[in-house]
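Asker: Just dropping this structure here.
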Amino acid sequence: MARLLEHHALDFLAKGGIEVPGFAVAESADETEKAARAFGGRAVIKALIPAGGRGKAGAIKLAETPEEAGGYAADLLGQTVLNFPVERVLVSERVEIEREIFASITFDSMTRRPMVLFSALGGIEIEAILDQDPDKLVQFPVEIGLGLQPFQAKEIAERAGLTGDVLLGAARALIALYRVFCQLDAETVEVNPLAVTPESRIVAPTGVIVVDDQALHRHPELDGIADPNLTNGWRPLTALEKRMREIDATDSGSAIRFNELGDGRIAFMFTGGGAGFLAFDTMLRLGGDPATTFDITPGFVEEKMYLATKAILALPGLKGLLAGGNITNFIPIDIKVRGVMRALKELKIDPETFPVVFRFAGPGVEEAKELAAEIPGIEYHDASSTIEDVVRSIIERTREA
Ligand code: GDP
Ligand code: MN
């Protein structure tokens, strides 16, 4: 998934036929003031970050004058909001909102269809709608072959309790949202609030578009706009996380999942969905402090294991390495061990001062043991040791080291 920044989302919504206010991106109070003046003075200033919930976080300001707009920008720029540094603000023309609607189209993996979520209760999160009044949320799965038909869009708006011009305008907006959703291979296209103006126009003062990063190769129009690195959900990627994505992109035969955790002391490269979680939990339970999580799907992963190990061990403050996984069936494990060993040799790791614990079990275990023996002192475990045994060992040994 890759979430577009709001000015790009508004661009695509406008191109798709939805009315949006005038907007500009500003990097300084001056630029903000100028833009606000161009919009007639009354403007909305928003932190331009890839995260929702800015209103509650105090990062959306309604200015009455250009000077006030500049002042708000000066406040916001340089702050960290919802874990993201605010380097730019979005300045937009103020939409007069008489009524707020919730409109969203999102891919639903349960029904395997685009799902329209629509409610005449807008401006609050969907969770709040579901909490307060679940009946007020209309859910409509779209049959992909048919698309969203105008009569269906009207029916959705009607079921949500809209009438008259507002009903028709909202239905038109839904059709446009659906078009944008399909054109961009989006996972989500959401406008909350979709605004009804006093003249009953339907306007999108905001927009969220999340696109499928697997489909980016067929969207040159998203080049430089949809950046999966921008979206880690809750905070920007660290330098090491970015490096790991580069490493992952070197070969599509297997996929790496990686997180840097802050100031942990143990490089944690214990792979496998379930086994990785179990080892991680065990480490926390036994008082260890992992610096990373790491997973890699099966394949010819020697090169990626080499690059990943090298990148992880460059983290400052590490005291040891735990690498391995549960018993593997798909591929010979010496492929992985070969990659890790290349990195350890190149880095001249000495297990006397930097304990290394392996737990690789499965086909190729004898070759793997031989490889590991090339650096004396590496502690090798096979399937006869439990995950808890090896986790305990790395914790104790890093404590001594
Ligand atoms: P979010 O909190 O990150 O989802 O940011 P939004 O862009 O949705 O803005 C948060 C809230 O600010 C909205 O729910 C509106 O109540 C208000 N808001 C945003 N833009 C406008 C605007 O143009 N006019 C008015 N009156 N309110 C706005
Ligand atoms: Mn919103």
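Asker: Stokes-Einstein diffusion coefficient for the stretch 239-400 at 4 °C in a medium of 1.567 mPa s, Rh from the Kirkwood formula over Cα pairs: what value in µm²/s?
Answerer: Rounded, D is 85 µm²/s.
Asker: I've got another one for you. At q = 0.11 Å⁻¹, work out log10 I(q)/I(0) for the stretch 23-93 with the Debye formula, treating every Cα as an identical point scatterer and leaving solvent out; two decimals please.
Answerer: One equal scatterer on each Cα of the stretch 23-93 leads to -0.20.
Asker: Per DSSP H run of n ≥ 4, the term is -39500 (n - 2.57); total these for the chain, divide by its residue number, and report the mean residue ellipticity at 222 nm rounded to 500 deg cm²/dmol.
Answerer: After summing the helix terms and dividing by the residues of the chain, the value is -10500 deg cm²/dmol.
Asker: Reported to two decimal places, what Rg/Rh ratio describes the chain when computed on Cα atoms with Rh from the Kirkwood expression?
Answerer: 1.08
Asker: At 1.4 Å probe radius, can you tell me the per residue accessible area of the chain in Å²?
Answerer: Solvent-accessible surface per residue comes out at 46 Å².
Asker: Per 0.36 nm of contour for each residue apart, how much would the distance between residue 388 and residue 217 grow if the chain were fully extended, relative to their Cα-Cα spacing?
Answerer: In short, 57.3 nm is gained.
Asker: Additional query: Could you work out the local net charge near residue 41, counting Lys and Arg as +1, Asp and Glu as -1, over the other residues with Cβ closer than 15 Å to its Cβ?
Answerer: Value of the local net charge: -1.
Asker: Can I ask one more? Angle between the Cα long axis of helix 150-159 and the longest principal axis of the chain, 0 to 90 degrees, nearest 10?
Answerer: That works out to roughly 90 degrees.
Asker: Given a cut-off of under 8 Å on Cα pairs at least six residues apart, what relative contact order in percent is computed for the stretch 80-133?
Answerer: Here the relative contact order equals 27 percent.
Asker: Would you mind listing how long the stretch 122-197 runs along its three principal axes, going by Cα atoms, in whole Å with the largest first?
Answerer: Cα extents, longest axis first: 34, 28, 23 Å.
Asker: Return one quarter of the surface area of the convex hull spanned by the alpha-carbon atoms of the stretch 182-325, equal to its mean projected area, in nm².
Answerer: For the Cα atoms of the stretch 182-325, the hull's average projected area reads 12.1 nm².
Asker: Chymotrypsin sites (Phe, Trp or Tyr not before Pro), restricted to the stretch 304-388: which are DSSP loop and have at most 14 other Cβ atoms within 10 Å?
Answerer: The qualifying sites are 330.
Asker: What percent does the relative contact order of the stretch 10-120 come to when contacts are Cα pairs within less than 8 Å and at least six residues apart?
Answerer: The normalised contact order for the stretch 10-120 reaches 28 percent.
Asker: Using Cα atoms only, what is the angle between the long axis of helix 334-346 and the major principal axis of the chain, expressed in degrees (0 to 90) to the nearest 10?
Answerer: Around 80 degrees separate the two axes.
Asker: Right, something else. Ratio of Rg to Rh for the stretch 142-255, alpha carbon only, Kirkwood?
Answerer: My calculation of the ratio gives 1.10.
Asker: Tilt of helix 6-15 relative to the longest C-alpha principal axis of the chain, in degrees (0 to 90, nearest 10)?
Answerer: The angle comes out at about 50 degrees.
Asker: Determine the share of the chain's accessible area contributed by carbon and sulfur atoms, expressed in whole percent, with a 1.4 angstrom probe.
Answerer: Carbon with sulfur: 51 percent of the solvent-accessible area.
Asker: By the scheme Lys and Arg +1, Asp and Glu -1, what is the net charge of all other residues having a beta-carbon under 12 Å from that of residue 363?
Answerer: Its environment carries a net charge of -3.
The values are calculated or read from the model by the stated rules, or taken from the named source; none is laboratory data. Because the structure is a prediction, the values reported are computed rather than measured. Cβ: placed from backbone, ideal geometry, glycine included. Neighbour counts: every protein chain shown. The accessibility values were calculated without ligands, DNA or RNA, using every heavy atom of the protein model including side chains. Shrake-Rupley method; radii C 1.70, N 1.55, O 1.52, S 1.80 Å.
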